[in-house]
Amino acid sequence: MQEKYIEKKLVAAVKDMGGIALKFVSPGVDGVPDRIVLLPMGKMAFVECKATGKKMRPIQEKRKKQLEALGFSVYCLDSVEQIGGVLSEIQST
């Protein structure tokens with residue numbers, strides 16, 4: 001499954017929950033996650049989308065660890081089936 005398709009499905013699922021999934025671009029900083037997911041009640045997390053079976057690059061792993069060290073949740077999706085579980089987890093934190 002292509003990354004673009006998974007990302008599109010994520011954006012739609014977040015919208016259905018009343019939230020927004022902002023595209024995250026940080027000029028000059030490589031490896032940032034694809035989306036900032038903002039859900040009702042102040043719930044937020046970063047999400048990196050990957051094609052099925054693909055893994056994060058080393059710079060993406062580094063950014064993930066940096067964000068997690070600051071207390072933020074960072075998820076990596078490589079299938080549409082993971083979206084519901086990730087969004088439920090974000091909602092419950």
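Computed from the coordinates by the stated procedures, all read-outs in this text should not be read as laboratory data. Just so we're clear, the structure is a prediction, and the values are computed from it rather than from any experiment. When we count neighbours, we look across all protein chains shown, and the Cβ atoms used for this are built from the backbone with ideal geometry, even at glycine.
Around the Cα centre of the chain, unit charges on the Cβ atoms of Lys, Arg, Asp and Glu (plus for the first two, minus for the last two) sum to a dipole of about 200 debye.
Distance from the Cα centroid of the stretch 41-55 to that of the stretch 57-76 is 11 Å (rounded to whole angstrom). Only DSSP H runs of four or more residues enter the estimate; each adds -39500 (n - 2.57), and after division by the residues of the chain the mean residue ellipticity at 222 nm equals -12000 deg cm²/dmol.
Can you bin the chain into rounded, prolate or oblate? Criterion: square roots of the alpha carbon gyration tensor eigenvalues sorted a ≥ b ≥ c, rounded for a/c under 1.5, prolate for a/b above b/c, oblate for the rest. Since a/c reaches 1.5 but b/c is at least a/b, the shape of the chain is classed as oblate.
Taking amide H as placed 1.01 Å from N in the peptide plane, the amide H of residue 34 sits under 5 Å from that of 47, 48, 49, each at least 5 places away or on another chain.
Under a 5 Å amide H cut-off, with hydrogens placed 1.01 Å from N, residue 44 pairs with 39 among residues at least 5 apart or on other chains.
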